[in-house]
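Please treat every number below as a calculation from the coordinates, not as lab data. On a predicted model such as this, the values are computed, not experimentally measured, just so you know. Note that we place each Cβ from the backbone using ideal geometry, even for glycine, and neighbour counts take in every protein chain shown.
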Amino acid sequence: MPGPLINQLLHTDLPRTGLSQPRAQGTGKLSVFGDEHGVTRLRDLRQSGSLRLVFPRTHRPDAEAILVNTAGGITGGDQFSLNIKVQTGAILSITTQAAERAYRAQSGEIACVTTDVSVQDGASLNWLPQELILFDSCALQRRLSVDLAPHARLLMVESVVFGRAAMREVLHDVKFQDRIRITRDGRPLYIDGIDLHGDAAAHLTRPAIANGSVAMASVVMVGPDALSHLKTVRELLPQTAGATMLADDVLVIRQLASDSFELRRNLIPILEHLSNNTLPTSWRL
């Protein structure tokens, strides 16, 4: 990701030294459209560095892309950027090969991951990456920006796990900044952010933050039928989750869990329902 793009990130108090020599770089550009038969086709694909997009055969008219980080994870100084355009008539699902991992960073080094998405009228995007797992002493800035046309549809999930419970990992030194911005025709629909610096374990034990949970997820559905799913979704949710409508066509779910296994076990039925049983296979492996 070129240097000027770093300057477009939201203001942060994190130091920026060490970015001139990134350990890994990856860029991707993907554009799809719907043809006259309702089949989603590839219009443009460009990829370089440690970021790859793989397209499994699904035998369906919609398209599925799997993001692969060939660097094997993210560490301080890494820079990844992705640009996606879903044009009229297209239905695109994007997931990841496995959970992404943010590893320990050297002092002063920060990893930056930015994703910019646009979805046109009559198009639909399912943004379904698997979990992001944070390791102790990681330093990561992440930004997801989705701009929807007035009649575009979106299903989004973002999950974060603060250390692997099975490995008894405890995070005492974390620098994590996360931004999610969903707009419709340039106007905000959903704006979310996390700034977690220092002892993550201590922060997460606070009742107003996570009450001891170490895994969390946000799900957003934008579409004219969003309200019709609210009752079913609430019946599927565990006690540590909630669902509400930000607008008649914007459904938001928040979920906490004791570990990544519990988080995924509770998420999969919800995502299956909201995706009309088209959840990518990688989620079930």
>> Distances longer than 27 Å among the Cα atoms of the chain: what percent of all pairs is that?
In response: 39
> Share of antiparallel DSSP beta bridges in the chain, in percent to the nearest 5?
Replying inline: 45
> What residue among THR27, THR95, THR232 has the largest mean-square fluctuation in a Gaussian network model of the chain, using Cα springs under 10 Å?
Replying inline: THR232
> For LYS29 and THR70, what is the calculated FRET efficiency with R₀ set at 22 Å and r taken between the beta-carbons, to the nearest 0.05?
Replying inline: 0.85
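Relative contact order for region 3-284: what percent, with Cα pairs under 8 Å and sequence separation of 6 or more? Could you put the intermediate results ahead of the total?
Details: 710 pairs, mean separation 35.8, N = 282.
Reported as a whole number, the value is 13 percent.
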>> Using 0.36 nm times the number of residues separating ILE268 and THR58, minus their current alpha carbon distance, what extension gain do you get?
In response: 73.7 nm
> For the charge dipole of region 153-196, defined by +1 on Lys and Arg C-beta atoms and -1 on Asp and Glu C-beta atoms about the Cα centroid, which residue among GLN177, ALA166, MET156 has the Cα displaced farthest towards the positive pole?
Replying inline: MET156
> Counting other C-beta atoms within 10 Å, which of LYS231, LYS175, LYS85 has the fewest, and how do the rest follow?
Replying inline: LYS231, LYS85, LYS175
>> Please compute the modelled spin-label separation between ASP121 and ASN276, points set 7 Å along Cα→Cβ, answer in nm with one decimal.
In response: 2.1
> What does the helix-only formula give at 222 nm for the chain: each DSSP H stretch with n ≥ 4 adding -39500 (n - 2.57), the total divided by the residues, and the result rounded to the nearest 500 deg cm²/dmol?
Replying inline: -3000 deg cm²/dmol
>> If neighbour count is taken as other Cβ atoms inside 10 Å, put ARG179, ARG168 in order from fewest to most.
In response: ARG168, ARG179
> Over region 54-191, what lengths in whole Å, largest first, do the semi-axes of the equivalent ellipsoid take, defined as the square roots of 5 times the eigenvalues of the alpha-carbon gyration tensor?
Replying inline: 29, 17, 13
> Taking the Cα centre of each part, how many Å lie between region 195-211 and region 218-285?
Replying inline: 24
>> Under the 0.36 nm per residue contour assumption, what length would be gained going from the current alpha-carbon distance of LEU45 and GLN106 to full extension?
In response: 18.6 nm
> Can you give the charge dipole size of region 49-139 about its Cα centre, rounded to the nearest 20 debye, using +1 on the beta carbon of Lys and Arg and -1 on the beta carbon of Asp and Glu?
Replying inline: 260
>> Along the charge dipole of region 3-284, pointing to its positive end and built from +1/-1 on Cβ of Lys, Arg, Asp and Glu, which listed residue (ASN277, LEU67, GLN141) has its Cα farthest out?
In response: LEU67
>> Give the separation of the Cα centroids, region 154-175 to region 92-138, in Å.
In response: 13
> Stretched out fully, how many nm does the piece from HIS203 to HIS172 gain, at 0.36 nm a residue minus the Cα gap?
Replying inline: 10.2 nm
